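Have a look at the structure below, then the notes.
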Amino acid sequence: MFLKFAAAVCLIYLCVLTGNGKSAGMDKNGAMDYMAKFGYADPGRSGSGDFNKAIRRFQKYFHLKMTGRLDAETKTEMLKPRCGNADEVDDTGRSGAQAFRTGSKWSKTSLTYRFLRDSEDVTRSVMKATFRKAFAYWSAVTPLRFREVTSGRSDFTIMFARRSHGDGAPFDGRGRVLAHAYFPSNGRVHFDEDEGYSVNGGSINGQRGIDLLAVAVHEIGHAIGLHHSNVRGSIMWPSYNGYNANLRLHRDDINGAQSLYGRNTGGGGTGGGTGGSSCSDKNQSCPRWRRYCTSSRYGNYMRKNCQKTCNFCGGGSSCADKNVNCSSWRNRGFCRGRFAMYMKENCPKSCRHC
Ligand SMILES: [Zn+2]
Ligand SMILES: [Zn+2]
């Protein structure tokens, strides 16, 4: 049901994009679709009151004048290329500032990445060098260490792909969504191959390319557990800001990463963090109590005392979300109610079903 709905939204979305051409305006349907997709509107509620409320939410997040109308400034912001992950919109905060937000984290500091499908826009060596650089932004400020592997299992999998690419979150062709990435410990980091990526401000087919480094640093931010931030100038800001020769992490990005992993200890990657070996049961009866792992009554006890049996240890791959928007859907209450079945199957991690 939910899947069908999501697919319908995607279809409408594509029609709007292709029907109006690349730089044409953003109409009400397009805006509603944008807001449903990125966390500003409940897809089930599209009355005009809901629409205006969602627009205000969007305007607040992007620090625009809160008119509640789809005005020119709002349209321009919505037409910018951006990350496919939803924004974590806070309805309760009064101020406009929504600094860094974090989700789950890796339970180890030494992490591997692997390229599953290369970029068609840059050579393999340029691609690899760019990602090495991108990972280094985060290892400079945390104890995290990243290493490429070329075969076997890896913590992160990096892939350039067009349209549908097997994760239920199809890309949308050139423009709009540039990339998306999953939160720990999923590890998937995907780039829309229909974009023209370049490095060092280079152009591709006569047009300035999308800066691969900037997008990679942002997506890796998600892959280590950071959500979007509405601090302008931060790497975790949802929209793409163009090429910047002096790309740097903002203090807000550093605070976010360090709130998860602590500071860079200067060690070889084993210092800091919580380590990966602390996953064990504290009671020998745990395996017999397995059915209580998700119980509302005993869940907390089980989380604390039967980590191994219930698979509550981070880093394990058996509990992973299958859709990039799971955590945003969780925040909107979809783990319960009519989407519960879909969520159980596709968002077990966000809904804490494992
Ligand atoms: Zn993002
Ligand atoms: Zn994907």
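Suppose we keep only residues that are loosely packed, with under 13 Cβ neighbours inside 10 Å and assigned to a helix (DSSP H, G or I) within region 31-49. Which one would you say is modelled with the highest pLDDT?
Gly49
Somewhere in region 195-212, is a residue part of a helix (DSSP H, G or I) and within 16 Å of ligand 1 (Cβ to nearest atom)?
yes
Go through region 159-185 and report how many residues are in contact with a strand residue (DSSP E or B) (Cβ under 7 Å, 6 or more places away or on another chain) and closer than 14 Å to Cys326 by Cα.
Qualifying residue count for the region: 5.
Taking Arg188 as the residue in question, decide whether it is closer than 29 Å to Asp321 by Cβ, among the basic types (Lys, Arg) and touching a residue at least 12 places away in the same chain (Cβ under 8 Å).
yes
Assess whether Arg208 counts as being in contact with a Phe, Trp or Tyr (Cβ under 6 Å, 6 or more places away or on another chain) and basic (Lys, Arg).
Considered against the rule, which asks whether it is in contact with a Phe, Trp or Tyr (Cβ under 6 Å, 6 or more places away or on another chain) and basic (Lys, Arg), Arg208 comes out as no.
Which count do you get for residues in region 50-79 that are crowded, with 17+ Cβ neighbours inside 10 Å and among the polar types (S, T, N, Q)?
Looking only at that region, the number is 2.
(1) within 11 Å of ligand 2 (Cβ to nearest atom); (2) within 23 Å of Thr76 (Cα to Cα): which one isn't true of Gly196, the others all being true?
All conditions are met except number (1).
Residue check: is Cys351 at pLDDT 80 or above and touching a His at 6+ places or on another chain (Cβ under 9 Å)?
no
Each row is one residue, and each column tells you yes or no for (1) among the polar types (S, T, N, Q); (2) under 20 Å from Trp237 (Cβ atoms); (3) in a loop (DSSP other than H, G, I, E, B); (4) more than 18 Å from the chain's Cα centre (by Cα).
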position	(1), (2), (3), (4)
Asn29	yes, no, no, yes
Phe51	no, no, no, yes
Ala54	no, yes, no, yes
Met66	no, yes, yes, yes
Asp87	no, yes, yes, no
Trp106	no, no, yes, no
Asp121	no, no, yes, yes
Val126	no, no, no, yes
Phe135	no, yes, no, no
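Is it true that some residue in region 155-176 is hydrophobic (A, V, I, L, M, F, W, C), within 15 Å of ligand 1 (Cβ to nearest atom) and under 20 Å from Ser239 (Cβ atoms)?
yes
The values are calculated or read from the model by the stated rules, or taken from the named source; none is laboratory data. Remember, predicted model here, so these are calculated numbers, not experimental data. A quick note on method: Cβ atoms are made from the backbone with ideal geometry, for glycine too, and the neighbour counts reach across all protein chains shown.
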